[in-house]
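The block underneath contains the structure these notes are about, expressed in structure tokens.
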Amino acid sequence: MEDLKNLLPNELRDFMVSLGQPSYRGDQIFSWIHRHFASSFDEMTNLPLPLRQRLKETAFITRLNVLSKKEGSKGTVKYLLETHDSNAIEAVRMEYEYGITACLSTQAGCMRACSFCASGIAGFVRNLTASEIVDEALRIQEDVESFGAHVGNIVLMGTGEPLDNYDASIKALYILNSQLGLGISFRRMTVSTCGVVPGIRRLAEEEIPVTLSVSLHAPTDDVRQRLMPINRQYSIAQLMDATAYYRERTGRRVTFEYALIRDVNDSDSHAYQLANLLKQQSAHVNLIPLNPIDERDYMRPTTARINRFSKILRNASVPVTVRRDLGLDVNAACGQLRRRYCR
Ligand code: SAH
């Protein structure tokens, strides 16, 4: 059985041809799926009945079941979605001045086990398919369309490591980019990684102008190793080489995420080390005050400490922003809602 939501328009055309149909049927079906949110063939009223019957026998359309929606402040809504095999996954809808952003998960669980992150605690379950990742965005689009808005930005910053599920994650971006579907520009998409170096290099060669966001969280291997097991596999030096390569190949400035954790990575000297590390990179730093999770006793620094940390970076000419507290009240830190549901 072919999962039609996994297919790009040209693949859907080929599939139609393989069924002895004219290729334009592929475009009609793509539009039913991605513009009209169809999940059954009976809805596709411009297809002849025998074709609909044939499709029922050869194909299906993935659709996630919406388990719950939790509204937070500032237009943030957290979606808890269920896959056909009963995995709960999360997607978050955020509203900025420049439109709706959909934050999507790429895996059920995560194998990277960063110590401050809720997603890795229960371990890895499985990779999501491209169709499931795309459907997270479609569930959100269907909702916001009812008030005349549309999803204009995609960030792969939900549960999971997108570069550990490279093919499906990047395919989902191509599908979301298609003009016959949501038509979201690659420049409005962000791939966030904990530092999977070969994946960064592969993405650099993909030649799509997405923004790369690297979860750095520490200026030295010593500190990073304690927070993020992946640092034992790829050191900061290797990571910096890969991000420099990314910038060189794509011309895109890389963003570095830095979750500030009280007494762990938030001192003045950490800030100076970070500034030093990034001064060659022409990078942007996004400081995220830690969202504390129940399972660990990490705390967020005081506002004064956060301000001092960002000031040191700014004085060293490193562009820095402090992430707004979107979603804190809907448990939008990675995996927190899913955790609550699963236990
Ligand atoms: N695996 C990818 C994408 C998912 S995490 C990555 O690591 O980038 C999205 C971002 O949220 C990452 O920067 C991650 O480090 C951060 N994050 C996870 N748990 C957090 C927490 N408790 N508080 C603040 N940020 C957190």
For this session: Pull up all non-local amide H partners of Val285: gap of 5 or more, or a different chain, and H-to-H distance under 5 Å with H placed in the peptide plane.
Result: Phe256, Val320, Thr321
Exercise. Where does helix 303-315 land angle-wise versus the long Cα axis of the chain, in degrees 0 to 90, nearest 10?
Worked result: 90 degrees
Seminar exercise, completed: With +1 at each Lys and Arg Cβ and -1 at each Asp and Glu Cβ, the charge dipole magnitude of the range 61-186 around its Cα centre, to the nearest 20 debye, comes out at 160 debye
For this session: Provide the percentage of antiparallel DSSP beta bridges, counting only those with both residues in the chain; round to the nearest 5.
Result: 45 percent
Exercise. DSSP loop GluC sites (Glu not before Pro) in the range 207-266 with at most 16 other Cβ atoms within 10 Å of their Cβ, which ones?
Worked result: Glu207
Exercise. Hey, fewest Cβ within 10 Å first, where do Ser178, Ser23 land in order?
Worked result: Ser23, Ser178
Problem set entry | Ellipticity estimate at 222 nm from DSSP helix runs (n ≥ 4, -39,500 (n - 2.57)) divided over the chain, nearest 500 | -11000 deg cm²/dmol
For this session: Sort Ile288, Ile29, Ile200 so that the residue with the fewest other Cβ atoms within 10 Å of its own Cβ comes first and the one with the most comes last.
Result: Ile288, Ile200, Ile29
For this session: Only Lys, Arg, Asp and Glu count, each charged at its Cβ (+1, +1, -1, -1), so figure out the dipole size of the range 65-342 about its Cα centre, rounded to 20 debye.
Result: 740 debye
For this session: Under 1.5 on a/c is rounded, so check that first for the range 66-213, then, if it is not, pick prolate when a/b is larger than b/c and oblate when it is not; a ≥ b ≥ c are the square roots of the alpha carbon gyration tensor eigenvalues.
Result: oblate
For this session: Express in nm, to one decimal, how much length is gained between Glu205 and Lys56 on full extension, taking 0.36 nm for each residue of separation and deducting their alpha carbon distance.
Result: 49.8 nm
Exercise. Given a Förster radius of 56 Å and the C-beta distance between Glu248 and Ser146 as r, what FRET efficiency does 1/(1 + (r/R0)^6) yield to the nearest 0.05?
Worked result: 0.80
Problem set entry | Loop sites in the range 43-100: GluC sites (Glu not before Pro), DSSP, at most 15 other Cβ within 10 Å | Glu97
Problem set entry | Overall form of the chain per C-alpha gyration tensor (a/c, 1.5; a/b vs b/c) | prolate
Problem set entry | Principal-axis tilt of helix 166-177 within the chain, Cα atoms, nearest 10 degrees | 70 degrees
Seminar exercise, completed: Between the residues Leu138, Ser267, Asn127, the Cα farthest towards the positive end of the dipole of the chain, that dipole coming from +1 and -1 charges on the beta-carbon of Lys, Arg, Asp and Glu, is from Ser267
Seminar exercise, completed: If Tyr24, Tyr245, Tyr258 are placed from fewest to most neighbouring beta carbons inside 10 Å, the sequence is Tyr24, Tyr245, Tyr258
Problem set entry | Test item: Cα-centred dipole of the range 2-60, Lys/Arg +1 and Asp/Glu -1 on Cβ, debye | 120 debye
Problem set entry | Gyration tensor verdict on the range 2-60 (Cα atoms; rounded if a/c is under 1.5, prolate if a/b is larger than b/c, oblate otherwise) | rounded
Problem set entry | Close Lys-Lys pairs in the chain, where close means Cα under 27 Å and separation is 8 or more or interchain | 12
Problem set entry | Degrees, to the nearest 10: 49-58 long Cα axis against longest axis of the chain | 50 degrees
For this session: Extending each Cα 7 Å along its Cβ direction at Lys311 and Asp27, get the distance between those two points in nm, one decimal.
Result: 5.9 nm
Seminar exercise, completed: Long-range amide H partners of Leu67, meaning residues 5 or more apart or on another chain whose placed amide H is closer than 5 Å, are Leu80, Leu81, Glu82
For this session: Can you tell me how much longer the chain between Asn46 and Asn276 gets when fully stretched, taken as 0.36 nm per residue apart minus their C-alpha distance, in nm with one decimal?
Result: 76.7 nm
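Bear in mind that the values in this text are calculations on the coordinates, not laboratory data. Since this is a predicted model, take the numbers as computed values, not measurements. Note that each Cβ is placed from the backbone with ideal geometry, even for glycine, and that neighbours are counted across all protein chains shown.
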